[in-house]
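Structure first, commentary second.
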Amino acid sequence: WWDERVSARFRRNLQPTLTYWSVFFSFGLCIAFLGPTLLDLRCQTQSSLSQITWVFFSQQFCLLLGSCLGGVFKRTLAQSLFALFASSLAISLVFAIIPLCHNVVVLAVVMAVAGLAMGCIDTISNMQLVKIYQKDSAVFLQALHFFVGFGALLSPLIADPFLSDTNCILSNSTANASSNLPHIRKSLVPHHPGNLSHYDLPMKGMVVTRVSYAFWIMALINLPVPIAVFFLLYKERMVPCFNSSSHPLLSADELAMETRPTEKDDLSTAAQRAQAAGGHDDLFSCCQSKNFRGASYTYFAVHITGALVLFMTDGIVGEYSGFVYSYAVEEPLSVVHKVAGYLPSLFWAFITLGRLISIPVSYRMKPATMVFINVVGVLITFLLLLIFSYSVVFLFVGTASLGLFLSSTFPSMLAYTEDILQYRGCATTVLVTGAGIGEMVLQLLVGSIIHDRGSYSFLVCGMIFGGLAFTFYAFLLFFHRMYPKPSADLDDASPDKPAITDDTGQYQR
């Protein structure tokens, strides 16, 4: 279902592509386990609910910081792969160390390390796939983000058999506190603490929890990921103790492609590759004045509007998954707690399903069209949720629909924006950072609004955010039309000069 050129490029880059996909599985595995296991971790650390929820903040804040810093490691392939190896190995170590953390501060520090690793993975994996496939990157980015959803679905399923059915700190008040556990646990899914100040659980007593086994299982499941990155480092002769002066042998097809151009063409191609490699920086390098010389206003506008679209859509993912349970159990719906607990799982399941469906769809449909369908679908879904706000059935239907429309927004938006900028500029870093900020900020904003205005404001906020996402996307389309077309007359130092795509698709060192 794809042409021979893309298929040949995929075969030439099979190992690095599969490695980046597997690393994103680590990201997904680590992003969704905290919500369901937080009450057992509260027991393990013998802390209060208000204290343990700071672990959420430490992970989310450092994830954002890691996303900003991830571009630092893009300068060479070796730096990128070593950063991915360290990050994926750190996630396995975090899973193994969490059962040993009996202090909430130590647990917060460990989760901060996990957040930094996740942020680096997020930026570097997206960036490297865009570098390899460029104009063909949309389908591979869709597959990359499918593995996030797969990991996010798998980790709660692993943890579920080991979660405590009753309060895991046994004391005189255990019987009264245990009746609140299902409500509290579901309000923590997947990664937002919500408002828990009115719950009182015992802090002293005998700790009874088996959640350690879940973390050790996840550590073992994740262990093949850093091994896969190590094998890629070994293949590229980048492991110091295994390094040799000889380069890996080329296959017959690759050898033909390498020897086909003339010497003059080789020099030209090398210059183009060096220029293309400079198009992705960390957030701080992007802000340096040297990157602004000769840039048109549309160059900045594309970066900003693209980041704002993802600020809204990823923020909707965070706030909806974090508060849909709390909305469902309150008036006027008053859904039974056990039934409402399926809503976040349904939302993430359809995000994963949507990302799987988007893999073949993205090959036939342009990224700009996919983003348009996504933002319009989100807006219409929230409108219908508001109209049928008294229908429990439509709440489940709308949750599934919202998951489908939001599923492919990030990879489609990334492919579209990079295509506009001709793989120059800092689109990947800026978009990843904007999405991370949106997820963190909109969760806090919606949480405070629901606390002050009631549960109905949850849908109103979603409608407003969806409308803003559509508006920013309309501005992006406008700036795309205004953006300078590729021209040989553009100055070489200008950020608006397009990078010429490497048609051979070689995996550059």
Exercise for the section: Among the candidates ALA114, ALA90, single out the residue that is open to solvent by 10 Å² or more (accessible area, probe 1.4 Å), outside the structural domain of ALA435 (by the TED database), among the aliphatic types (A, V, I, L, M) and on the phi < 0 side of the Ramachandran plot. Expected result: ALA90
Handout entry: Boolean, ALA427 is modelled with pLDDT under 85 and open to solvent by less than 40 Å² (accessible area, probe 1.4 Å)
Key = yes
Handout entry: Check on ARG364, among the basic types (Lys, Arg) and crowded, with 20+ Cβ neighbours inside 10 Å
Key = no
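Here's the yes/no breakdown for (1) in a helix (DSSP H, G or I); (2) over 23 Å from THR298 (Cβ atoms); (3) open to solvent by 10 Å² or more (accessible area, probe 1.4 Å):
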{"site": "ALA400", "(1), (2), (3)": "yes, yes, yes"}
{"site": "PHE405", "(1), (2), (3)": "yes, yes, yes"}
{"site": "TYR416", "(1), (2), (3)": "yes, no, yes"}
{"site": "LEU431", "(1), (2), (3)": "yes, no, no"}
{"site": "ALA435", "(1), (2), (3)": "yes, no, no"}
Problem - Qualifying positions in the stretch 331-351 - open to solvent by less than 10 Å² (accessible area, probe 1.4 Å) and within 18 Å of the chain's Cα centre (by Cα) - result: PRO344, PHE347, ILE351
Exercise for the section: Within the stretch 325-358, work out how many residues are under 25 Å from HIS451 (Cβ atoms) and polar (S, T, N, Q). Expected result: 3
Exercise for the section: Scan the stretch 443-457 residue by residue and report those that are touching a helix residue (DSSP H, G or I) at 6+ places or on another chain (Cβ under 6 Å), surrounded by fewer than 23 Cβ atoms within 10 Å (Cβ to Cβ) and assigned to a helix (DSSP H, G or I). Expected result: ILE449, ILE450, SER457
Problem - Options LEU421, LEU386, LEU414, LEU444; residue that is under 19 Å from the mean Cα position of the chain (by Cα) and closer than 28 Å to SER358 by Cα - result: LEU414
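The values are calculated or read from the model by the stated rules, or taken from the named source; none is laboratory data. Note that the coordinates shown come from a computational prediction; the quantities given were computed from them, not determined experimentally. We place every Cβ from the backbone using ideal geometry, glycine too, and count neighbours over all the protein chains shown. To get the accessible areas, we keep the full protein, side chains included, count just its heavy atoms, and leave off ligands, DNA and RNA. Shrake-Rupley method; radii C 1.70, N 1.55, O 1.52, S 1.80 Å.
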